[in-house]
Amino acid sequence: MRNNLGRVILIILIFLNLNLAASTYKWSVQADKTEAMTNEAIYLKYICEYSDAAGLYVIEFNPVVDNNQYRVEIFSETEKIEDGKKINTFEFVAFVKHSGEQKFIFDTTMKKTNKDSIENTVLGRDNADYEEFSERFIRQDAVVVNVKQSSTSLVGEFVLNVKKDKEKLKAYEPYHLEINIEGSGNFKALKSIVFEIEGVKIFSQKVIQNIKLTKNGYKGSWSQKFAFVSEKDFKIPEVKIEYFDLKEQRVKEMLVNASMVEVTKAYKKEELLDFQEKGFEFSFDFIYYILTFIAGFLFAKINFKRVRKSNSVDATFQVKIEKAKSLDELMVILALTDARKYEGFIEEVASKEISSLKEAKRLLNKLNGM
């Protein structure tokens, strides 16, 4: 009897503390613009202000979506008590895909804990007939934005930085190129760059994006690195990336200028014999090794992102090995991948201890546990 009386008193205190009858709330909505370009970030803010601490209320509000008209992403969700009153804030960033008048009309569910739920929780009743919440659906006020069509899918404010090697090198030395874009906008519209140059082996690093969502869209950087290997002169074509500059309200372009790379031939064995006749003690094997070491050293300078070590060889690397059509091509691949790891193997090829491409591939598979 005393236990029941104590629980009843507890229920009364809970109801008095939560002030069930007095809780009211008011929604408001804000947008940072009424006009925008397609793919431009639109900031939306929804606020629910209560008359008290509103301990019985829970809000379900999740308009995050990616449909044919627009994409909505959550920016933040907060809840705080200010002067004894609860305030819930929901912030989103929207990107509209097509021009025209766009209306954002979202539904919210207000869930309120029922009196029966509290009584059964405190008294420990096992009654499956009662409902824990009463629900009320609220349609938020419409946010109307007039959207204009941009001629490019990339929209924002960007800065291009390009790093290049000197445009004179020896045969089979790698030529490095790094493209880096910084700024704010819809970075996800940036696609990886693909080069196709006849007679040139191209090694491309995967795109690295270091971005975070802000009220103005994504902010951060995008980068991609390349290494070009050839035995003769080659040209890297220019790259144009168009975008709509929100600050200047016009289409601009980021331009990576074309590069003419001059390649000098590697030493031939016959030429080295001439040097020996004149008193120079050069070795073809030694020169070959030095060139290979330089290739690996220069490749390491560009500071490519290290791949997590594993017990088996990377699948992409294995494919490159299988597709190699000559020992020279195979040596370039090994030098660019890890010159130190394969130093001994390269020396064996240079000294003719390994003279068969098939045998070299077999030994490499064995070395890498394949």
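The values are calculated or read from the model by the stated rules, or taken from the named source; none is laboratory data. As the structure is a prediction and not an experimental result, all values here were calculated from the model. Positions of Cβ are generated from backbone atoms using ideal geometry, with glycine treated the same way; all protein chains shown enter the neighbour counts. Side chains are part of the model used for accessible areas, which takes the heavy atoms of the whole protein and leaves out ligands, DNA and RNA. Shrake-Rupley method; radii C 1.70, N 1.55, O 1.52, S 1.80 Å.
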### Query
So what's the gap between the Cα centers of segment 133-181 and segment 30-76, to the nearest angstrom?
23 Å
### Query
Hey, what do the phi angles of segment 66-72 turn into as Karplus ³J(HN,Hα) couplings, whole Hz, using 6.51/-1.76/1.60 and θ = phi - 60°, x for Gly and Pro?
9, 10, 5, 8, 7, 10, 10
### Summary
Distance in nm between residue 338 and residue 26 label points, each 7 Å along Cα→Cβ, equals 6.6 nm
### Query
Out of residues 5 or more away from residue 54 or on other chains, whose amide H comes under 5 Å of its own, with H placed 1.01 Å from N in the peptide plane?
86
### Summary
For segment 53-106, inverting the pair-averaged 1/r of distinct alpha-carbon atoms gives a Kirkwood value in Å of 13.3 Å
### Query
Simple spin-label model, 7 Å along Cα-to-Cβ: residue 52 to residue 76 in nm?
2.9 nm
### Task
Measure off, as a whole percent, the carbon and sulfur share of the 1.4 Å-probe accessible area of segment 148-247, all protein chains present.
45 percent
### Query
In nm, to one decimal, how far is the modelled label at residue 68 from the one at residue 141, with both set 7 Å along Cα→Cβ?
3.1 nm
